[in-house]
Amino acid sequence: MEKILNRIHPVSDPEATYFLQVSWEKDLGTGFGLVLSDCQCAWTGTVSEADISREAADIEMDRGKYVDELRKALIAGEESAGKYNFVIS
């Protein structure tokens, strides 16, 4: 299993710092787990392969391109800094 941890500053609260851990087996396209923490609380979730396919279809995006965008937003970290925004709700 691979994991990556990124520090994020959501546009919904730019003064706040959150840590986002993403873990996956083969690649993001087969599903992944998430842990989001503000160092006081933590929230966990999973995204299945079916969830990814459904979301790509909902926004009418090629599934492969959608998975690539997920990789850039969730894993690439500094190389994608400033290109993706996070909103915590």
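Taking strands (runs of 3 or more DSSP E) that fall entirely within the range 1-75, which contain at least 1 residues that are open to solvent by 90 Å² or more (accessible area, probe 1.4 Å), without any contact (Cβ under 8 Å) to a residue 60 or more places away in the chain and among the aliphatic types (A, V, I, L, M)?
Where strands (runs of 3 or more DSSP E) fall fully within the range 1-75 and carry at least 1 residues being open to solvent by 90 Å² or more (accessible area, probe 1.4 Å), without any contact (Cβ under 8 Å) to a residue 60 or more places away in the chain and among the aliphatic types (A, V, I, L, M), they are 2-8.
Go through (1) touching a Cys at 6+ places or on another chain (Cβ under 9 Å); (2) modelled with pLDDT of 95 or more for THR17 and report which single condition fails.
(2)
Among the residues in the range 79-88, are any farther than 23 Å from SER12 by Cα, open to solvent by 60 Å² or more (accessible area, probe 1.4 Å) and not acidic (Asp, Glu)?
For the range 79-88, residues farther than 23 Å from SER12 by Cα, open to solvent by 60 Å² or more (accessible area, probe 1.4 Å) and not acidic (Asp, Glu): absent.
Listed residues GLY31, GLY82; which is modelled with pLDDT of 90 or more and under 15 Å from the mean Cα position of the chain (by Cα)?
GLY31
Taking the conditions exactly as written (at pLDDT 95 or above and touching a helix residue (DSSP H, G or I) at 6+ places or on another chain (Cβ under 6 Å)), does GLY45 satisfy them or not?
Spelling it out, it is not the case that GLY45 is at pLDDT 95 or above and touching a helix residue (DSSP H, G or I) at 6+ places or on another chain (Cβ under 6 Å).
The values are calculated or read from the model by the stated rules, or taken from the named source; none is laboratory data. These numbers come from a predicted model, not from an experiment. Cβ coordinates were reconstructed from backbone atoms using ideal geometry, including for glycine residues, and neighbour counts include every protein chain displayed. Surface areas here come from the heavy atoms of the whole protein model, side chains and all, with no ligands, DNA or RNA. Shrake-Rupley method; radii C 1.70, N 1.55, O 1.52, S 1.80 Å.
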